[in-house]
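*Asks:* Have a look at the structure that comes next, please.
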Amino acid sequence: MLKAVILIGGPQKGTRFRPLSFEVPKPLFPVAGVAMIQHHIEACAKVPNMKEILLIGFYQPNEELTRFLMNAQQEFKISIRYLQEYSALGTGGGIYHFRDQIVSGNPEAFFVMNADVSSAFPLTEMLSFQKEHGEPNSFVLLATTVSSVLHYVEKPSTFVSDIINCGIYLLNQDIFQHIGAVFQKNQQEMSLEEPTNGWHRAEAIRLEQDIFTALAGQAKLYVYKTLSFWSQIKSAGSAIYASRLYLSQYHKTHPERLASDKEGGPRISGNVYIHPTAVIDPTATLGPNVSIGTGVTIGAGVRVRESIILHGANLQDHCCVLNSIVGWDSTIGKWARVEGTPSDPNPNDPFAKIDSETLFREGKLTPSITILGCNVTIPSEVIILNSIVLPHKDLNRSFKNQIIL
Ligand code: GTP
């Protein structure tokens, strides 16, 4: 039997995702209409013999996470449990700490996945690849090609080539010997230099830098290169891009989630997800790449493109929303225009990857998508361009290239 672990991090992670991660833990942020990690769970549930999914992170258990887990267990008929680290133990330290839970029931292998990636998750392909090419008990790392390595600053240390690590691994119990050895070494080094708190620091281990780099020379770690889609979800802008990837995958995996032009419904252009509880005027035009959450209201003549509209938002008549994320329960007044600048990779390059943009460059806010935090009110007839608006703001005029605190 098989298991899967999803590394969901904790509240100190995902800082580039603010202000959206104030309201909901980043792994539950909706991407193409469902929680970011539901895409991982759906992929795992399709793998034959998958018995359990463990989420490992350092969030305090909260109502949203518990509700999500209960619903997902029911929907996918698979055991899904949350294991909480006492503090950030790193991508290797977390699975080492909970190794007893992972190996219980004796799985022959288990997947480990970063929560903040969007992917076609070629999990069964990784299993076949391991059987065909790997030594018994070898590990498989999913990798993808990137055309422009110079622009990609996320994971440069593991590979010196055009290949990057996707943060999706197929491992087995042997990995714990390797992590254990690093743990012991850390413990010895730390007990020499610093008697207090050494144990905690010894347990914080990163899979990529501390484990895989050392394994790379040992015919134990195999790389499976995928041509299917993959992207990281670090900044809010990358969530819109990831939504686009999943929405186009829905044609194959979930055609029922894609809206179509219907008598009495809004005009749909390209791939659009609309939650059944949303109320949309038939004269509105939505898409491409738009996701509309629960209980959203959209008035007459509204135009939405390349955007995520979160639950309870109210888009009043004739407003226009482009390249933006509209936070929970926000209101956009009549004829207002909320617009951002996308930072998508080159669409003509099949292997281009999204840049993990920084908020500031040379002291200036880099033009980015516009984000309205939760419960923001935009008055009628104003323009909000390339701005980030923190939650609960009641704006009274137009803004351009600003963070509104
Ligand atoms: P960031 O820019 O901080 O996200 O760094 P990164 O791109 O190097 O990613 P990192 O390796 O820190 O995280 C990869 C994935 O592992 C993300 O989904 C994180 O939520 C998760 N993760 C990172 N650190 C921890 C940790 O200490 N414990 C757990 N359980 N998950 C973690």
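*Asks:* Considering only DSSP states other than H, G, I, E and B, which chymotrypsin sites (Phe, Trp or Tyr not before Pro) in the range 78-132 qualify as loop sites with at most 16 other Cβ atoms within 10 Å? Write down the numbers at each step before the final one.
*Replies:* On the way: sites: 82, 86, 96, 98, 110, 111, 129; in loops: 86, 98.
For chymotrypsin sites (Phe, Trp or Tyr not before Pro) across the range 78-132 that sit outside H, G, I, E and B with at most 16 neighbouring Cβ atoms in 10 Å, the list reads 86.
*Asks:* Rank these residues by their accessible area, most exposed first, probe 1.4 Å: 225, 131. Mind showing how you got there, number by number?
*Replies:* Details: 225 100, 131 155 Å².
Correct descending sequence by accessible area is 131, 225.
*Asks:* Among the GluC sites (Glu not before Pro) within the range 313-405, which fall in a DSSP loop and have no more than 15 other Cβ atoms within 10 Å of their own Cβ? Mind dumping the intermediate values first?
*Replies:* On the way: sites: 339, 357, 362, 381; in loops: 357, 362, 381.
Of the GluC sites (Glu not before Pro), the ones in loops of the range 313-405 whose Cβ has at most 15 other Cβ atoms within 10 Å are 362, 381.
*Asks:* Another question, if that's okay. Return one whole number: the accessible area per residue of the chain in Å², for a 1.4 Å probe.
*Replies:* Numbers: 17950 Å² over 405 residues.
Accessible surface, normalised per residue, equals 44 Å².
*Asks:* Still on this structure, please answer the following. Using amide H atoms built 1.01 Å from N in the peptide plane, name the residues 5+ places from residue 330, or on other chains, whose amide H lies under 5 Å from its own.
*Replies:* Counting only residues 5 or more places away or on other chains, the set is 313, 314, 375, 376.
*Asks:* In the range 281-364, what trypsin sites (Lys or Arg not before Pro) fall in a loop by DSSP, with at most 11 other Cβ atoms inside 10 Å?
*Replies:* Values: sites: 303, 305, 334, 337, 353, 361, 364; in loops: 334, 353.
Answer by residue number: there is no such site.
*Asks:* Something else about it: For every helix of n ≥ 4 consecutive DSSP H residues, a contribution of -39,500 (n - 2.57) applies; sum these over the chain, divide by its total residues, and give [θ] at 222 nm rounded to the nearest 500 deg cm²/dmol. Can you show the working numbers first?
*Replies:* Working: 8 runs with 91 residues, N = 405.
That comes out to -7000 deg cm²/dmol.
*Asks:* Further question on the same structure: On the protein heavy atoms, probe 1.4 angstrom, tell me the percent of accessible surface of the chain carried by carbon and sulfur. Don't jump to the answer; show the numbers that get you there.
*Replies:* Numbers: 9310 of 17950 Å².
Answer for the chain is 52 percent, counting heavy atoms of protein chains only.
*Asks:* Another question about this same structure. Using Cα positions and a limit of under 27 Å, work out the lysines in reach of residue 220, with same-chain residues fewer than 8 apart set aside.
*Replies:* Within reach: 3, 46, 51, 131, 155, 185.
*Asks:* Straight-line reach only, C-alpha to C-alpha below 18 angstrom: list the lysines that residue 364 could link to, leaving out same-chain residues fewer than 8 apart.
*Replies:* Cα-Cα hits under 18 Å: 400.
*Asks:* Rank 273, 224 by accessible area, highest first, at a 1.4 Å probe radius?
*Replies:* Working: 273 25, 224 50 Å².
From most accessible down to least: 224, 273.
*Asks:* Further, regarding this structure: Karplus couplings for the range 79-94 from phi (6.51 cos²θ - 1.76 cosθ + 1.60, θ = phi - 60°), rounded to Hz, Gly and Pro as x?
*Replies:* Those phi angles translate into 6, 10, 10, 9, 10, 9, 6, 6, 7, 5, 9, x, 5, x, x, x Hz.
*Asks:* List every residue whose amide H lies under 5 Å from the amide H of residue 278, counting only residues 5 or more places away in sequence or on a different chain, with H placed 1.01 Å from N in the peptide plane.
*Replies:* 295, 296
*Asks:* If you take the square roots of the eigenvalues of the alpha-carbon gyration tensor of the range 2-232 and sort them as a ≥ b ≥ c, do you get rounded (a/c under 1.5), prolate (a/b over b/c) or oblate?
*Replies:* Details: a/c = 1.26, a/b = 1.07, b/c = 1.17.
It comes out rounded by the Cα gyration axes.
*Asks:* Which of 301, 105, 373 moves the most in a Gaussian network model of the chain with Cα springs under 10 Å?
*Replies:* Of 301, 105, 373, the most mobile in the Gaussian network model is 105.
*Asks:* Turning to a different aspect of this structure: Go through 139, 229, 22 and list them by solvent-accessible area, largest first, probe radius 1.4 Å. Can you show the working numbers first?
*Replies:* On the way: 139 0, 229 50, 22 115 Å².
If we order 139, 229, 22 from most to least accessible, we get 22, 229, 139.
*Asks:* Assuming a ≥ b ≥ c are the square roots of the Cα gyration tensor eigenvalues, decide whether the range 257-404 counts as rounded (a/c under 1.5), prolate (otherwise, with a/b larger than b/c) or oblate. Can you show the working numbers first?
*Replies:* Numbers: a/c = 2.04, a/b = 1.19, b/c = 1.71.
Oblate, since a/c reaches 1.5 and b/c is not below a/b.
*Asks:* How big is the convex hull of the Cα atoms of the chain, per residue, in Å³? Before the final figure, lay out the partial values.
*Replies:* Numbers: hull volume 61.2 nm³, N = 405.
Enclosed volume per residue, from the Cα hull, is 151 Å³.
The values are calculated or read from the model by the stated rules, or taken from the named source; none is laboratory data. Because the structure is predicted, anything quoted here is derived from the model rather than measured. Don't worry about glycine lacking a Cβ; one is built from the backbone with ideal geometry, like all the others, and counts go over all protein chains shown. Surface accessibility is based on the protein's heavy atoms, side chains included, excluding ligands, DNA and RNA. Shrake-Rupley method; radii C 1.70, N 1.55, O 1.52, S 1.80 Å.
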